[in-house]
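These notes are about the structure you will find just below.
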Amino acid sequence: MAEEKSQASSSKMLTLKASDGVLFEVELNIAKEMKTVQAYIDDCEDIETIPIPNVLGKHLAIVIEYIKKTNEEYDAEFEKQWNMDDLQLLLLAANYLNISGLQECLCKAIAKRIENKSPEYVRKVFNIENDHSPEEEAKLRKEYKWAFEGVDKD
Amino acid sequence: MEKCVPMAAGKNEDLKYEVSNNNNRINVHIPDDIAFSILSKLPIKSLKRFGCVRKSWSLLFENPYFMNMLRNHFLYNNNRHCSDYGGDTFLFLYEPLRPHYYRASFYLLSNDKFEDRIKLDLPPPFDGEDIAMYILSSVSVNGIFCLGKDTRRGIVNSFQAALWNPATAEVMGIPPSPDESVPPYRDPFFIFHGFGYDNVRDDYKLIRYITFFQVVDEEEDVPYEDRSYDPLLQIYSLRSNTWRILDVNIPDGYDISMIDFEKPVGVYMDGVCHWWGTTDFGNGEGYLVRLVVLNESIALISNRFKATTFHISILVELGVKESWIKLFIVGPIPSLDWPIAVGKKGGICFRQTNDELVWIDLSTQIIDEIGVKGERYCYQMGIYKESLLCIGGIND
């Protein structure tokens, strides 16, 4: 039976250890969606616990849930639950763990949220320092005046 | 006994975050390559605005790596009308029945392949042998086409138009406008036409610009001072089944697409009709230009006369001439002659010098033959989505 078959092939469990020590037991086929993890499994066959030093337990839980549930409907609703900070951290996690579907989903979500915002807002969101001189910035604002119409108030 | 293997330092060595004490904001640092992935999914207008954020972002359009990402997103990720992509492609062309004898043909292609075509009969009076027939604005709106036919005898012009729903075979002729049946002292000359949909009033409209020639008639009794040769801009509404004159000033000196093979059809998108005009009367550098709709944007495909490299620029913001951005270059591909239309999947249909039509994928530049040949310059192509809309039912 199909159910049994998938059970058998995924009966091997792995433990992932988040940066804050939280442990997650996941099925092999779920862990394999994280290409970074897959690479380590390929390298060292006898692994049981894999440390994920860059990702907090909170975010690793969300990532694992995503892998289990991802489909068109789920993806469309997924990003709505998280604030901007979490979205960025999830993106970094997805990038580190090399999960392309989740990266796509998160990039689109973040883009959607900043699309109509001002440059000041974007700098705050991404913690970016403005390295333009005032003259340079003034010149850009003048040249692309049309791009500043209809922007959301901060 | 578990075996822990430390992960080797990866690409995110500079990954760090700390929770700051004030309002619990986390200082996340996103490296450039990930930031670019986010930025490549933004509309171009946003990208131009965000050039102010930092220096490297003001140079995005000069970064080939970034531009590739942007182009790919532009071509393949138009979420707005994904449902439209379930439609067919219509192809209107003049096929050679025998050498120098062409007949207008109308096809629906599925999957953009000529082999999966259905030929539809054009309704009268468009089923004749006229070579001056076309689809206004190269578009089908809610499954409806507006067919047009120019007839010229000497300098006398007459123009017939009809609305057509191929799915139901319903045809409705557009009545001539009273200003066409002009006093004998002038003859109309049709400069440009357009067809589109008014979504505020749920109405289908035609727009037309006419200028006049003076006709010398010794028996004409209207005094010269009372005559008018002023050009007219008229609009027809299906709901009211009438024409009316629009009081809009068309700037003098614009010559709308008067290259002899380019019909004055323009394009329609989102409630707006667009035409390509020129104020350059022969002193220019010999550029050929085709106005098209590319993935929900107005675009220009241009090349130097006889050159086989085509530049594609899109108009980011309607009404802002500074917002033309060059996005793609196609070629040099020696076999290419002239662009025809934009297809559904990020491809452009070109006519080759051997009369064959081909698809060129904009991201890979791979050429795919469509399998059809036709008369030079008389092609129109676009997206078609079948509907059972009853044209007659729209009349009030």
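The values are calculated or read from the model by the stated rules, or taken from the named source; none is laboratory data. None of these values were measured; they are calculated from a predicted model. When we count neighbours, we look across all protein chains shown, and the Cβ atoms used for this are built from the backbone with ideal geometry, even at glycine. For the accessible areas, the whole protein counts, side chains as well, though only heavy atoms, and no ligand, DNA or RNA atoms are used. Shrake-Rupley method; radii C 1.70, N 1.55, O 1.52, S 1.80 Å.
For segment B:311-376, the square roots a ≥ b ≥ c of the C-alpha gyration tensor eigenvalues yield an a/c of 1.5 or more together with a/b exceeding b/c, which makes the shape prolate.
A cut-off of 5 Å between modelled amide H atoms, ignoring neighbours fewer than 5 places along the same chain, links B:L246 with B:L233, B:Q234, B:I235. Extent along the principal axes, Cα only, for segment A:23-112: 42, 24, 18 Å, with the longest axis given first. Per-residue Karplus couplings for segment B:320-330, computed as 6.51 cos²θ - 1.76 cosθ + 1.60 with θ equal to phi - 60°, are listed in order as 10, 5, 6, 9, 6, 10, 7, 10, 9, 10, 10 Hz, Gly and Pro entered as x. Among the residues of segment A:19-58, those with an accessible-area drop of 20 Å² or more from chain alone to full protein complex, heavy atoms and 1.4 Å probe, are A:Y40, A:C44, A:D46, A:I47, A:E48, A:T49, A:P51, A:N54, A:L56. Ranking of B:I174, B:I366 by solvent-accessible surface, largest first: B:I366, B:I174 (1.4 Å probe, protein heavy atoms only, all chains present).
Extension gain, B:N68 to B:I367, is 105.7 nm, computed as 0.36 nm per intervening residue step minus the present C-alpha separation. Per-residue SASA remark: B:W324, around 90 Å² accessible (1.4 Å probe; ligands, DNA and RNA not included).
Counting only protein heavy atoms and using a 1.4 Å probe, the accessible area of A:E129 comes to about 150 Å². Heavy-atom accessible area buried between chains B and A is around 4500 Å² (1.4 Å probe, both sides summed). Pairwise inverse Cα distances across chain A, averaged and inverted, put the Kirkwood hydrodynamic radius at 18.1 Å.
In segment B:94-177, the alpha-carbon atoms span a convex hull of 119 Å³ per residue.
Among the residues of A:142-150, the average count of other protein chain beta-carbon atoms within 10 Å of the residue beta-carbon is 6.
Among the protein heavy atoms of segment B:291-366, carbon and sulfur supply 55% of the accessible surface, probe 1.4 Å, non-protein parts ignored. Here each label is just a point 7 Å from Cα along the line to Cβ, and for B:E296 and B:E322 those points are 2.5 nm apart. Note on B:56-65: average number of Cβ atoms from other chains within 10 Å of each residue's Cβ is 2.
Note on segment A:68-154: the C-alpha convex hull projects to 7.3 nm² when averaged across all orientations.
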